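Since the structure comes first, as structure tokens, the remarks are kept for the end.
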Amino acid sequence: SILIEKYALKWQIQGSEELMKSLIRCESSGNPLAHALTQKEDSWGVSQINLLAHTNITKEQATDPDFAIDFMAKHIASGDAPRMWYTCYKKATQ
């Protein structure tokens with residue numbers, strides 16, 4: 001995807017494009033309107049951004065693929081991905 005390549009370059013994580021594609025497939029099947037609701041999460045979009053944990057992010061932002069993929073790339077670059085997308089990250093890196 002062009003967005004994945006764009007944000008891998010922006011966050012200097014070239015080589016992580018396949019990881020990002022795997023996370024997106026696992027989290028949302030690439031559906032920008034994907035929604036998961038439990039007691040601990042209200043997650044939206046291709047990157048399943050949890051609005052309960054990220055109160056500064058709106059549903060509109062979370063369901064915007066441009067915003068969501070930038071968000072994911074930023075958190076891969078910072079090392080937060082294994083914690084934030086634990087189950088899918090584990091599957092993607094096995």
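The values are calculated or read from the model by the stated rules, or taken from the named source; none is laboratory data. Because the structure is predicted, anything quoted here is derived from the model rather than measured. We place every Cβ from the backbone using ideal geometry, glycine too, and count neighbours over all the protein chains shown. When the accessible area is computed, the model is the full protein with side chains, heavy atoms only, and any ligands, DNA or RNA have been set aside. Shrake-Rupley method; radii C 1.70, N 1.55, O 1.52, S 1.80 Å.
Here are some notes:
- Tally, over the stretch 51-71, of residues that are open to solvent by 60 Å² or more (accessible area, probe 1.4 Å) and either acidic (Asp, Glu) or in contact with a strand residue (DSSP E or B) (Cβ under 6 Å, 6 or more places away or on another chain) (or both): 4
- Annotation: LYS74 fulfils all but one of (1) assigned to a helix (DSSP H, G or I); (2) open to solvent by less than 30 Å² (accessible area, probe 1.4 Å); (3) in contact with a Phe, Trp or Tyr (Cβ under 9 Å, 6 or more places away or on another chain); (4) in contact (Cβ under 8 Å) with a residue 24 or more places away in the chain; the unmet one is (2).
- LYS40 falls short of the stated requirement of being more than 13 Å from the chain's Cα centre (by Cα) and more than 26 Å from GLN94 (Cβ to Cβ).
- Members of the stretch 4-20 that are open to solvent by 50 Å² or more (accessible area, probe 1.4 Å), in a loop (DSSP other than H, G, I, E, B) and under 17 Å from PRO82 (Cβ atoms): TRP11, GLY15
- Residues that are part of a loop (DSSP other than H, G, I, E, B), within 17 Å of ALA81 (Cα to Cα), open to solvent by less than 30 Å² (accessible area, probe 1.4 Å) and out of contact with any Pro (no Cβ under 8 Å at 6 or more places or on another chain) within the stretch 28-50 comprise SER47, GLN48, listed in sequence order.
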